[in-house]
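The values are calculated or read from the model by the stated rules, or taken from the named source; none is laboratory data. Owing to the predicted nature of the structure, the values given are computational and were not obtained by experimental measurement. Cβ: placed from backbone, ideal geometry, glycine included. Neighbour counts: every protein chain shown. Heads up: the accessible areas ignore ligands, DNA and RNA and are worked out on the full protein's heavy atoms, side chains in. Shrake-Rupley method; radii C 1.70, N 1.55, O 1.52, S 1.80 Å.
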Amino acid sequence: MPTVRRSVALLGATGSIGTQTLDVLRREPEMFELVALSGGEQLDELAAIVKEFGVRRVGVISDGHRHTLAALVGADVDVVVGDEGLSSLAASADIVVNAVLGFAGLPVTLSALKAGKRLALANKESLIAAAPLVARVRSTPGAMLLPVDSEHCAIHQCLASSPGEPGYPDVRRLLLTASGGPFRGWSRDQLRGATKADALNHPTWSMGAKITIDSSTLMNKGLEVLEASALFDINVERVEVVVHPQSIVHSMVEYVDGSVLAQLSRPDMRLPIAYCLGLPVRLDHGWGAIDFTQDLELTFEAPDPMAFPAIGLAYEASRLGGAAPAWLSAANEVAVAAFLADEINWCDIVDVVARVMDGYVADPLDSLQDLVANDATARARAHGILDQ
Ligand code: NDP
Ligand code: MG
């Protein structure tokens with residue numbers, strides 16, 4: 001089938017999602033043209049991608065990074081800087097992949113939707129923090145928000161058979177699956193001895209460091225509850241977490257008649273990335289294909305709320321509303337960074353977030369300025385707790 005070649009901006013190109021997206025693009029040169037990129041600290045890697053794909057527009061985080069990159073790629077590549085640079089790149093292609101890490105991805109999410117682009121969103125933190133602001137720009141003509149996060153991509157596929165009325169009246173609940181991470185089954189006592197190497201050793205997925213730590217605390221699943229609520233405009237009370245250690249069922253939708261639709265595949269992020277890029281066309285690479293002639297065990301269990309209180313914090317943040325999800329995500333970013341820098345123990349991560357949330361004062365989120373101020377306040381409180 002002849003297809004129109006679509007331009008792609010890949011922001012956060014040097015990371016785990018970024019490099020897997022490049023793998024998809026390499027195999028589909030007739031369908032997609034990579035026209036814009038961004039990265040953080042890994043400038044040699046970024047320069048190599050610029051050269052391989054012949055990209056002419058690149059975003060970096062500071063003027064210093066701009067000078068270094070310009071020396072590597074030459075003068076005919078336009079290097080833009082900071083949030084403004086990311087915003088302009090996110091408005092410059094048919095499809096925008098937001099693979100930036102953390103709150104820093106916010107300009108990409110808002111700008112792509114405002115410009116009426118297809119946004120393939122891996123960066124859950126921006127949606128969670130800015131849900132009311134994202135809801136406004138989602139209705140821009142042409143704008144389409146597609147989730148790269150495997151659970152939400154699964155739900156997107158399972159909802160395709162639903163008439164899509166607002167609020168999904170025929171859906172009873174969304175069932176988000178969780179691998180349970182490396183510490184599934186560990187007691188609170190055992191968890192006190194968890195090391196960084198243990199926490200980075202995810203049983204089923206290979207991902208960037210921050211989300212791997214989030215998966216070990218199950219904060220990732222808490223964030224995903226908030227992400228699901230924002231993406232599908234559904235109350236968190238209709239979103240449930242189910243631990244499924246094999247990571248084959250990526251999530252499920254239960255309808256009011258008791259029927260459950262699930263999406264299954266082997267765990268490979270190239271599959272949801274390719275789904276978001278190709279829709280309505282499914283790319284023919286078989287990345288997630290399951291061999292049903294081999295033994296396949298699928299088990300499900302409830303998460304342990306005592307050992308993993310992060311999920312409960314996320315539900316509470318949603319009930320509080322306003323800027324509470326932004327506080328939760330910001331405090332978590334600070335705590336995870338401190339853990340990765342060997343400044344705190346694993347158990348301290350969620351404790352720090354809980355203490356920041358204890359101090360949350362209800363604050364509506366009406367503007368970008370509100371959001372930026374709330375993000376800064378939550379970070380300052382988390383740093384204050386870390387300094388004690
Ligand atoms: P990585 O840490 O591997 O990559 C992050 C990317 O963002 C890198 O290109 C990095 O640049 C860049 N970056 C980091 N900080 C900044 C900043 N302050 N400003 C601009 N760019 C920055 O993360 P992942 O790929 O694992 O995750 C990316 C996003 O996707 C996260 O939101 C994560 O939650 C989400 N996600 C990831 C999944 C996965 O399988 N990895 C699955 C589902 C969701 P550099 O490396 O050059 O410093
Ligand atoms: Mg996920």
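Okay, here's what the table says:
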item	result
Flag if LYS117 is touching a strand residue (DSSP E or B) at 6+ places or on another chain (Cβ under 8 Å) and either of a type outside the set (Ser, Thr, Tyr) or more than 14 Å from ligand 1 (Cβ to nearest atom) (or both)	yes
Pairs, first closer than 28 Å to SER139 by Cβ and touching a residue at least 24 places away in the same chain (Cβ under 8 Å) in the range 232-256, second buried (at least 19 other Cβ atoms within 10 Å of the Cβ) and among the charged types (D, E, K, R), C-beta under 8 Å, six or more apart	HIS250/GLU151; SER251/GLU151
Candidates ALA115, ALA130, ALA70, ALA75, filtered to the one that is within 20 Å of the chain's Cα centre (by Cα) and either open to solvent by 40 Å² or more (accessible area, probe 1.4 Å) or among the hydrophobic types (A, V, I, L, M, F, W, C) (or both)	ALA130
Candidates GLY74, GLY12, filtered to the one that is on the phi > 0 side of the Ramachandran plot and within 16 Å of ligand 2 (Cβ to nearest atom)	GLY12
Some residue of the range 128-136 being without any contact (Cβ under 8 Å) to a residue 40 or more places away in the chain and among the basic types (Lys, Arg)	yes
Unmet requirement for SER247, which otherwise passes all of (1) open to solvent by less than 40 Å² (accessible area, probe 1.4 Å); (2) closer than 25 Å to PRO169 by Cα	(2)
Residue satisfying all of: in the range 133-153; in a helix (DSSP H, G or I) and away from ligand 2 (no atom under 16 Å from the Cβ); most open to solvent (accessible area, probe 1.4 Å) among these	ARG136
Single residue of the range 170-187 satisfying the filter (within 16 Å of ligand 2 (Cβ to nearest atom), of a type outside the set (Gly, Ala, Ser) and part of a loop (DSSP other than H, G, I, E, B)) that is nearest to ASP268 (Cα to Cα)	PRO182
Some residue of the range 317-328 being assigned to a helix (DSSP H, G or I) and open to solvent by 70 Å² or more (accessible area, probe 1.4 Å)	yes
ALA130 being within 16 Å of ligand 2 (Cβ to nearest atom) and out of contact with any Phe, Trp or Tyr (no Cβ under 7 Å at 6 or more places or on another chain)	no
Sole exception among (1) more than 13 Å from the chain's Cα centre (by Cα); (2) open to solvent by 20 Å² or more (accessible area, probe 1.4 Å) for ILE211, by number	(1)
Of all residues in the range 365-380 being modelled with pLDDT of 95 or more and crowded, with 19+ Cβ neighbours inside 10 Å, the one that is nearest to ALA331 (Cα to Cα)	ALA378
Search result, residues across the range 15-48 that are more than 16 Å from ligand 2 (Cβ to nearest atom), of a type in the set (Ser, Thr, Tyr) and either open to solvent by less than 20 Å² (accessible area, probe 1.4 Å) or more than 16 Å from the chain's Cα centre (by Cα) (or both)	SER38
Where a residue in the range 331-352 is without any contact (Cβ under 8 Å) to a residue 60 or more places away in the chain and its partner, wherever it lies, is part of a helix (DSSP H, G or I) and among the acidic types (Asp, Glu), with Cβ under 9 Å and at least six apart	ALA335/ASP348; ALA335/ASP351; ALA338/ASP348; ILE344/ASP351
Matching option when the condition is in contact with a strand residue (DSSP E or B) (Cβ under 8 Å, 6 or more places away or on another chain) and open to solvent by 30 Å² or more (accessible area, probe 1.4 Å), among PRO303, PRO309, PRO280	PRO303
Residue within the range 35-50 that is within 28 Å of PRO141 (Cβ to Cβ), polar (S, T, N, Q) and not in a helix (DSSP H, G or I) present	yes
Members of the range 204-213 that are more than 7 Å from ligand 1 (Cβ to nearest atom) and under 14 Å from ILE349 (Cα atoms)	THR212, ILE213
